[in-house]
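The values are calculated or read from the model by the stated rules, or taken from the named source; none is laboratory data. What you see is a predicted model, and the numbers here were worked out from it, not measured in a lab. Here the Cβ is made from the backbone with ideal geometry for all residues, glycine too, and neighbour counts use every protein chain on show. Calculation scope for accessible area: heavy atoms of the full protein, side chains included, ligands and nucleic acids excluded. Shrake-Rupley method; radii C 1.70, N 1.55, O 1.52, S 1.80 Å.
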Amino acid sequence: MAPVPASTTRRRLPLVSRRVFQVVTALNVFALSLIVVSGGVVRLSGSGLGCPTWPQCGDGSFTPHSEYALHGAIEFGNRVVGLVVGLVVLITPIMALRLRDGRRRDLTLLSFGLWVGYLGQAVLGGITVLTKLNPVTVAAHFLLSMVLLWNAVVLDRRARQGAGPVTPAVAPALLWLARLLVVVSAGVLVLGTVVTGTGPHSGDSEHPARFGFDIVNVSQLHADGAMLLTGLVAAMAFAVRITAAPAAARRDSLTLIAVVVAQAGLGFAQYFLGVPSGLVALHMTGATIMWVVALRLWLAMVARPALTVPDAWSAADTTPTAPTASALPAATASASAPGIVAQPAPAAVRVASGAPGVG
């Protein structure tokens with residue numbers, strides 16, 4: 001017997017159901033939000049240089065030395081969270097390439113976009129440590145996290161939709177309002193990094209590096225942006241209820257106005273109470289939630305074809321096998337009998353057997 005070619009015996013990665021892929025895309029949103037919060041804890045506790053070298057945590061060790069005490073443990077913990085996020089990001093494009101219901105270009109590109117962003121974060125994190133927490137690199141580190149979250153939220157949304165053209169689900173004016181809301185939200189985030197880089201929480205408890213701005217002026221500018229955002233969110237919450245809008249847009253608008261109002265209250269409270277670290281941590285967490293909800297609201301303003309995936313494909317991760325002749329309909333199974341012309345198998349059979357031409 002001739003030897004079987006190696007190419008036919010090579011094991012391939014199992015196919016992935018759409019449900020499993022959707023769980024991973026949602027996990028990306030959660031994990032990338034979590035790393036923002038853990039990074040905030042590092043900064044607010046003054047542990048930004050708890051591990052004075054990168055990627056090691058001190059000379060010759062990847063774990064914190066005892067002399068770095070609590071600050072080293074906090075910074076090392078943040079790096080561990082980063083590694084976990086990296087594993088989630090790593091498997092996402094691999095799964096996008098092995099979707100059972102077919103590979104899609106948009107899902108593949110967005111998944112690899114997470115890879116690129118994560119690598120950028122790793123490099124920027126190292127630069128931040130090497131520059132002794134320069135406020136510019138610290139701000140860039142946070143803002144790149146927001147770009148990664150944008151990528152993850154869009155990917156999660158697309159994973160729950162079918163392929164096809166985008167159609168507006170609301171009136172053009174409402175769609176432009178949603179876009180403006182996202183732009184203003186991004187501007188408020190940028191101003192927030194300026195306020196933080198000017199305030200007392202530099203990330204290093206011994207040698208703080210700060211912007212040279214007046215804290216009162218930058219805080220007022222940030223508050224003005226927040227007030228503009230609050231007005232836009234209130235207008236959106238009203239508009240989606242007096243016009244035809246998807247139910248998701250109505251829900252997200254209510255969530256967003258609640259988050260923005262809470263953020264405004266936290267911002268004023270931390271300013272008048274001397275910027276306590278606990279309130280700053282809550283404010284940073286709220287900013288992350290606000291960004292995610294604003295993006296979801298914007299994405300809810302357009303529609304794509306519904307996702308139709310056979311339940312059999314979502315139930316298991318094994319490659320479908322061709323049915324036997326006994327399992328085929330009688331018209332198909334009897335094609336082997338003499339004098340009977342074979343009839344084409346129904347579409348359902350072609351799908352189950354993995355026949356070419358079925359998307």
Roll a 1.4 Å probe over the protein chains and send me the accessible area per residue for region 77-232 in Å².
-> 47 Å²
Where a ≥ b ≥ c are root eigenvalues of the Cα gyration tensor, a/c under 1.5 meaning rounded, otherwise prolate if a/b exceeds b/c and oblate otherwise, region 112-178 counts as oblate
Name the shape class, rounded, prolate or oblate, that the alpha-carbon gyration tensor gives for region 102-234, where a ≥ b ≥ c are the square roots of its eigenvalues, rounded holds for a/c under 1.5, and otherwise prolate holds if a/b is larger than b/c and oblate otherwise.
-> oblate
The simple spin-label model distance between Leu228 and Leu273, using points 7 Å out along Cα→Cβ, in nm, is 2.8 nm
So how far apart, in nm, are the two label points at Ala303 and Arg250 if each is 7 Å from Cα heading toward Cβ?
-> 1.5 nm
For Ala303, other-chain or 5+-apart residues with amide H closer than 5 Å (H placed, Pro excluded) are Thr167, Ala169
Scalar couplings 3J(HN,Hα) for region 111-128 by Karplus 6.51 cos²θ - 1.76 cosθ + 1.60 (θ = phi - 60°), nearest whole Hz, x for Gly and Pro, are 5, 5, x, 5, 4, 4, x, 5, 4, x, 5, 4, 5, 5, x, x, 4, 4
Karplus-derived HN-Hα couplings along region 275-286 (A = 6.51, B = -1.76, C = 1.60, θ = phi - 60°), whole Hz, x at Gly and Pro = 6, x, 5, x, 5, 5, 4, 5, 5, 5, 4, x
Under a point spin-label approximation (7 Å from Cα along Cα-to-Cβ), what is the Asn217-Ala173 distance to one decimal in nm?
-> 3.8 nm
Taking amide hydrogens as modeled 1.01 Å from N in the peptide plane, which residues meet the under 5 Å criterion relative to Gly162, leaving out close sequence neighbours?
-> Ala306, Leu307
Which residues qualify? For Val16, with a placed amide H closer than 5 Å and at least 5 residues away or on another chain, they are Leu99, Arg100
Efficiency of FRET from Cβ geometry, Val190 and Leu90, R₀ 41 Å, rounded to 0.05 | 0.90
Can you run phi through the Karplus equation (6.51, -1.76, 1.60; θ = phi - 60°) for region 289-302 and list ³J(HN,Hα) in whole Hz, with x for Gly and Pro?
-> 5, 4, 5, 5, 5, 4, 5, 5, 5, 4, 5, 6, 7, 10
